[in-house]
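Q: My questions will all concern the structure given below.
The values are calculated or read from the model by the stated rules, or taken from the named source; none is laboratory data. On a predicted model such as this, the values are computed, not experimentally measured, just so you know. Here the Cβ positions follow ideal geometry from the backbone for every residue, glycine too, while neighbour counts run over all protein chains shown. Ligands, DNA and RNA are excluded from the accessible area calculation, which covers all protein heavy atoms including side chains. Shrake-Rupley method; radii C 1.70, N 1.55, O 1.52, S 1.80 Å.
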Amino acid sequence: MRTASQSPATGAGCEPGFRGVICVSFATTDALQDHDTGGMPRHDLRFAAATPEAIANLRSVLGHSRVGVRVVLAGPPADVHAAASVAAECGLVDEEMTLVCDEVGPRVIFCGHCHTSTTTDHPIGTNVDCQGCGTTLIFTDHFSRRVGGYLGFSAHAEEAA
Amino acid sequence: MTGTALQNKAKPLLDGTLQLEVTSVSAQTDSITSITFGGALGELLPSYVPGSHLVVQYGTGANAYSLTGSGSAPTEYSISVLRIENGAGGSLAMHALCVGDLVQVSHPRSAFAPAATASHHLLIAAGIGITPVLSHARYAAEWGASASLIYVHRPGTGAHVAEARQLLGPGLTECLDRSSFQEVLTRQLTTQQLGTHLYVCGPNAFMDSVLKQARDLGWPKSLLHSEAFSGAALDDGEPFEVRLARSKVTLNVPAGVSLLGTLENAGLTVPNMCRKGICGECAVPVLRGEPLHRDLYLTDQEKDDNTTMMCCVSRSLGQELELDL
Ligand code: FES
Ligand SMILES: [Zn+2]
């Protein structure tokens, strides 16, 4: 019954009604190579990035899955978080998702002022200029699964006030 | 102890109780009767969330009953009551009601609400557990939400069967015995689309078994909802210690003795009325520890806050609780 695709080049279908572990890897991560599924059947997906096609593919796999499934997302934070937000839209709750983010890599900062998303390579705790409104944003590890990004707040809010 | 109970008897049941009139009484089955309450002028009553219950006062006691309507702009509140011959008397009092009788009822309270984000509602009911679930089914039908129901009842003893069939059509699976239910349950627990929420109501053992099987099949806790019957026998619970911060004493609450009883034995006066977790009179403030909420009064949100508990029925999850008393 196991249909875990061993050549994870595409997101080709897993069996309809799948209730095992869907392991999604982005870019070059090998974090899930030895991922322990606790004896549950495993289905692998690998994408270069969270492109619209990759997301559509993930959506279709989730659409064929059933409650009981678990999703593990690994790779650069921006890709993992984009995928997590799509999985949440598909009805997955926190308990059903595991996020394994690369230590480095682009992150998405969600501007608390104009709601524009800005992608940056800067590490957590540093500043980035919002692409929407130009505000200098500081972002901490406050990640919102709903918007699929880290929340950024004006770095100079206190001085302005 | 009786002194406290008597002293509280004269007080209104809850803030803002409603006085309503019995507008209809109809037998559902040999032992289940539906009773409808309305205002004297047929006016609009407060709306409620599906799965809500009403506290109805009778004589010296009070009982909670699930409302069976959808809750949107109601002019009537309907409940269905199973007659329990050797119960505390609430169900017999309800069965004795006649059209035109006046009753005091609470505002509807919600503790079994449908999840707004659910992609599908899987409803599971056994026996009289159909009542809150019927409310969900009506609501889903009214708003075009996706819902299905597994209803376990013995032939000829099921309440609201015709309505369930009409509301759910092919989405209704009726099970007349245990083994057919088990088969249906296993199939349904393994074939639900993502985002399905499960709601179960029935005898405690039934609910425990459904919830356990769902957990074993990988259902996350946040998708599972259950509604205990009012007056269902609660187990004795584990013993725990309670520290009273202001009186600076620590008391032992043994298994089988309520926190309320323990506080009273220690000489404290705690307001109370129903002593079964439905009226809200016996609320005590929690400073530390995690209560094991077993009441029907607090909303889910209030229960999660863990800052207040109903000491007549609720206990402690951990070994110790600290109260602001
Ligand atoms: S006395 Fe009624 S809730 Fe405790
Ligand atoms: Zn901005």
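Q: Only one of (1) open to solvent by less than 20 Å² (accessible area, probe 1.4 Å); (2) away from every other protein chain (no Cβ under 14 Å); (3) not hydrophobic (A, V, I, L, M, F, W, C) is not met by B:S148, so which one is it?
A: (2)
Q: Let me ask something additional. When residues of segment A:59-79 are filtered for being away from chain B (no Cβ under 12 Å) and within 19 Å of A:H35 (Cβ to Cβ), how many remain?
A: Counting residues in segment A:59-79 that are away from chain B (no Cβ under 12 Å) and within 19 Å of A:H35 (Cβ to Cβ) gives 7.
Q: Still on this structure, please answer the following. Report yes if A:I138 is surrounded by 19 or more Cβ atoms within 10 Å (Cβ to Cβ), in a strand (DSSP E or B) and within 16 Å of ligand 2 (Cβ to nearest atom), otherwise no. Give the steps one after another, and end with the answer.
A: Values: surrounded by 19 or more Cβ atoms within 10 Å (Cβ to Cβ): no; in a strand (DSSP E or B): yes; within 16 Å of ligand 2 (Cβ to nearest atom): yes.
Against the criterion (surrounded by 19 or more Cβ atoms within 10 Å (Cβ to Cβ), in a strand (DSSP E or B) and within 16 Å of ligand 2 (Cβ to nearest atom)), A:I138 does not qualify.
Q: Residue by residue through segment A:96-109, note down the ones that are open to solvent by 30 Å² or more (accessible area, probe 1.4 Å) and touching a strand residue (DSSP E or B) at 6+ places or on another chain (Cβ under 9 Å).
A: Within segment A:96-109, A:T98, A:L99, A:V100, A:C101, A:D102, A:P106 qualify.
Q: Kindly establish whether B:G127 is closer than 24 Å to B:T29 by Cβ, surrounded by fewer than 20 Cβ atoms within 10 Å (Cβ to Cβ) and either in contact with a Pro (Cβ under 7 Å, 6 or more places away or on another chain) or among the small types (G, A, S) (or both).
A: When the stated conditions are applied, B:G127 does not pass them.
Q: Further question on the same structure: Name the residues in segment B:216-227 that are within 10 Å of chain A (Cβ to nearest Cβ) and either in a loop (DSSP other than H, G, I, E, B) or of a type outside the set (D, E) (or both), would you?
A: Hits for segment B:216-227 are B:L217, B:G218, B:W219, B:P220, B:K221, B:S222, B:L223.
Q: Touching a helix residue (DSSP H, G or I) at 6+ places or on another chain (Cβ under 7 Å) and either surrounded by 21 or more Cβ atoms within 10 Å (Cβ to Cβ) or at pLDDT 95 or above (or both) - does that describe any residue in segment A:111-129? Spell out how you get there, then give the answer.
A: Pass one, segment A:111-129, residues touching a helix residue (DSSP H, G or I) at 6+ places or on another chain (Cβ under 7 Å): A:119.
Still in the running and either surrounded by 21 or more Cβ atoms within 10 Å (Cβ to Cβ) or at pLDDT 95 or above (or both): none.
No.
Q: While we're here: Of the residues B:G51, B:G89, only one is away from chain A (no Cβ under 14 Å) and surrounded by fewer than 23 Cβ atoms within 10 Å (Cβ to Cβ); which?
A: Going through B:G51, B:G89 in turn, just one is away from chain A (no Cβ under 14 Å) and surrounded by fewer than 23 Cβ atoms within 10 Å (Cβ to Cβ): B:G89.
Q: Also, I was wondering about something else. Of all residues being in a helix (DSSP H, G or I) and small (G, A, S) in segment B:101-145, which is farthest from the other protein chains (Cβ to nearest Cβ)? Just the residue, please.
A: B:G127
Q: Also, quick follow-up: For B:G202, state whether it is more than 14 Å from chain A (Cβ to nearest Cβ), closer than 30 Å to B:G87 by Cβ and surrounded by 18 or more Cβ atoms within 10 Å (Cβ to Cβ).
A: On the way: more than 14 Å from chain A (Cβ to nearest Cβ): yes; closer than 30 Å to B:G87 by Cβ: yes; surrounded by 18 or more Cβ atoms within 10 Å (Cβ to Cβ): yes.
So B:G202 passes the test.
Q: Let me ask you something else. Six or more apart or on different chains, Cβ under 6 Å: which pairs go from a residue in segment B:270-281 that's near ligand 1 (Cβ under 6 Å from one of its atoms) to one that's among the aromatic types (F, W, Y) and open to solvent by 10 Å² or more (accessible area, probe 1.4 Å)? Could you list them?
A: These pairs meet every condition: B:I278/B:Y297; B:G280/B:Y297.
Q: On to the next question. Scan B:K303, B:K276 and give me the residue that is in contact with a Cys (Cβ under 9 Å, 6 or more places away or on another chain) and either polar (S, T, N, Q) or not assigned by TED's automatic domain parsing to the domain that holds B:N63 (or both).
A: B:K276
Q: Which members of segment A:15-70 meet the condition of being part of a strand (DSSP E or B) and over 26 Å from B:Q192 (Cα atoms)?
A: A:F26, A:F47
Q: Another question about this same structure. When the residues of segment A:94-119 are narrowed to those that are within 14 Å of chain B (Cβ to nearest Cβ) and either touching a residue at least 12 places away in the same chain (Cβ under 8 Å) or near ligand 2 (Cβ under 8 Å from one of its atoms) (or both), which ends up farthest from A:G148 (Cα to Cα)?
A: If we take residues in segment A:94-119 being within 14 Å of chain B (Cβ to nearest Cβ) and either touching a residue at least 12 places away in the same chain (Cβ under 8 Å) or near ligand 2 (Cβ under 8 Å from one of its atoms) (or both), then A:E96 is farthest from A:G148 (Cα to Cα).
Q: I'd like to check something: does segment B:186-193 contain any residue that is under 23 Å from B:K303 (Cα atoms), assigned to a helix (DSSP H, G or I) and among the hydroxyl-bearing types (S, T, Y)?
A: no
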